[in-house]
Each structure stands twice: as C-alpha cells, then as structure tokens.
Amino acid sequence: MDENIVWHQHGVNKQKRQTANGHKSCILWFTGFSGSGKSTIAGALENKLHELGHKTYLLDGDNVRHGLCGDLGFTDEDRKENIRRVGEAAKLMVDAGLLVLTAFISPFQAERTMVRNLVEQGEFIEVYLDTPLATCEQRDPKGLYKKARAGEIAHFTGIDSDYEVPINPEVVINTGELSIDECVTQLLNHLKNKEIIG
C-alpha cells in the first residue's frame, strides 16, 4: 500500500454504533455445498433477527456476482478474489455495527481464515452446513448438479472442484436432519450465549 495513504480515525466508531444498535456486530459466515441451505438458513435467521429489532445485512453469493463480483468467474483464483472482496465488505459492515450474514460456498480454508483474520477475535462465526453431498445433489434447487454431471459447468464444488471442510467451525448444522426453525434456534442460541445479542 502507498505510504501516503493513512487511515483516518473518525469520531463515531464501532463501539458507539454497537451501543446505538443495542447489540454487538459480527460476521456469520455460512459455508457448505451448493444446495446445503446456506441462503435459506441465512435468510430465515435474518428475518428472525430483524423481527427482534436487530440491525442486519445479508451478503448472498449469487447476489454479489451481479455487482461487486460481477467480473469474476469460477476458477480457483476468481473464487479466492470473490471471497476477498466479500470479506472486505463484511469487515466494513462489522465496523458499522451490523450483524452480517454471508452465504457463500467458500470452498477453501485459507480464504475463510483470511476473512476471520480481518475482524477482531469473536467477530467471525463460521457456520458449516454439514449437509451430505448426496442430499445437496438430490435437492439441486438450481439444477446445477445436473449440469455439472453433464459437463456443462466446470469447476463445480463437490463434482470437479474440491471443498475443504472447516477445521474448527463455531457452529455445525446438518440441514438434512434439522428443520429451518431448528437451525435458526440453534444459531440464535449461539449468538445469545456469546453475548452478541441479548
């Protein structure tokens, strides 16, 4: 970085924003195979948090590729850059005092660790949707597994591209065994136990 670029510290900081919002801020990073339920569970959790009066924002994998990451493909390098950009955006939102939910396959441990290291300890909650590939492929909500099996999509996670299972996630959920409401309850309890929300 250019030595002439200096961070400017403003008077309204993260702590003041958190106090105004009535809760701490963090990133809830949902990771897992396509079809594991990342967007569904993250969306249901955001709805519940909103009902409770908490300030949130949901960054969804498909949605950010319409703008912020619209120039990226699905090679390993593009996937890494996708997560880097999202991580930096999520970091800004944590500074804004928000509960940030992200729904990304994010298949590589190094990139998830990179995002974890962008924020303070306790501000990154890795939510691993440990839903078996067979279950995800059976659901196939967007028809992507079928296309990947037919060779129409390259670099598809779980088919011809690796997924590195999280080493020590804060929360593990199998959406093949739990209902959406049960998943949301588990996540709310985690946020309460960590005193992120009241």
For residues that are in a loop (DSSP other than H, G, I, E, B), out of contact with any helix residue (DSSP H, G or I) (no Cβ under 7 Å at 6 or more places or on another chain) and surrounded by 12 or more Cβ atoms within 10 Å (Cβ to Cβ), tally how many sit in region 140-156. 3
Could you count how many residues in region 169-184 are open to solvent by less than 70 Å² (accessible area, probe 1.4 Å), part of a helix (DSSP H, G or I) and free of Cβ contacts under 8 Å to residues at least 40 places away in the same chain? 0
For residues in region 157-168 being under 20 Å from the mean Cα position of the chain (by Cα) and either farther than 21 Å from TRP29 by Cβ or modelled with pLDDT of 80 or more (or both), which is most open to solvent (accessible area, probe 1.4 Å)? ILE167
Kindly check whether there is at least one residue in region 123-138 that is modelled with pLDDT under 90, touching a helix residue (DSSP H, G or I) at 6+ places or on another chain (Cβ under 7 Å) and more than 16 Å from ALA103 (Cβ to Cβ). yes
For region 116-127, indicate whether the set of residues that are in contact with a strand residue (DSSP E or B) (Cβ under 9 Å, 6 or more places away or on another chain), closer than 22 Å to LYS24 by Cβ and polar (S, T, N, Q) is non-empty. yes
Unmet requirement for LEU133, which otherwise passes all of (1) farther than 14 Å from PHE30 by Cα; (2) of a type outside the set (Gly, Ala, Ser); (3) open to solvent by 70 Å² or more (accessible area, probe 1.4 Å): (3)
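Conditions tested, residue by residue: (1) out of contact with any Phe, Trp or Tyr (no Cβ under 8 Å at 6 or more places or on another chain); (2) of a type outside the set (Lys, Arg); (3) in contact (Cβ under 8 Å) with a residue 12 or more places away in the chain.
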{"position": "ASP78", "(1), (2), (3)": "yes, yes, no"}
{"position": "GLY97", "(1), (2), (3)": "yes, yes, yes"}
{"position": "LEU101", "(1), (2), (3)": "no, yes, yes"}
{"position": "ILE105", "(1), (2), (3)": "no, yes, yes"}
{"position": "ILE125", "(1), (2), (3)": "no, yes, yes"}
{"position": "ALA134", "(1), (2), (3)": "yes, yes, no"}
{"position": "HIS155", "(1), (2), (3)": "no, yes, yes"}
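Which of the residues that make up region 6-27 are touching a strand residue (DSSP E or B) at 6+ places or on another chain (Cβ under 9 Å) and among the aromatic types (Phe, Trp, Tyr)? Outline the logic, then answer.
Of region 6-27, the ones touching a strand residue (DSSP E or B) at 6+ places or on another chain (Cβ under 9 Å) are 21, 23-27.
Answer for region 6-27, where residues must be touching a strand residue (DSSP E or B) at 6+ places or on another chain (Cβ under 9 Å) and among the aromatic types (Phe, Trp, Tyr): there is none.
The rows are residues; the columns are (1) under 20 Å from ASN174 (Cα atoms); (2) of a type outside the set (A, V, I, L, M).
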| position | (1), (2) |
| --- | --- |
| ILE125 | yes, no |
| ASP130 | yes, yes |
| THR135 | yes, yes |
| ASP140 | yes, yes |
| GLY143 | no, yes |
| GLY151 | no, yes |
| THR157 | yes, yes |
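The values are calculated or read from the model by the stated rules, or taken from the named source; none is laboratory data. Note that the coordinates shown come from a computational prediction; the quantities given were computed from them, not determined experimentally. Heads up, the Cβs are rebuilt from the backbone with ideal geometry, glycines too, and the neighbour counts pull from every protein chain shown. The protein model used for the area step is the full one, side chains on, heavy atoms only, and it has no ligands, DNA or RNA in it. Shrake-Rupley method; radii C 1.70, N 1.55, O 1.52, S 1.80 Å.
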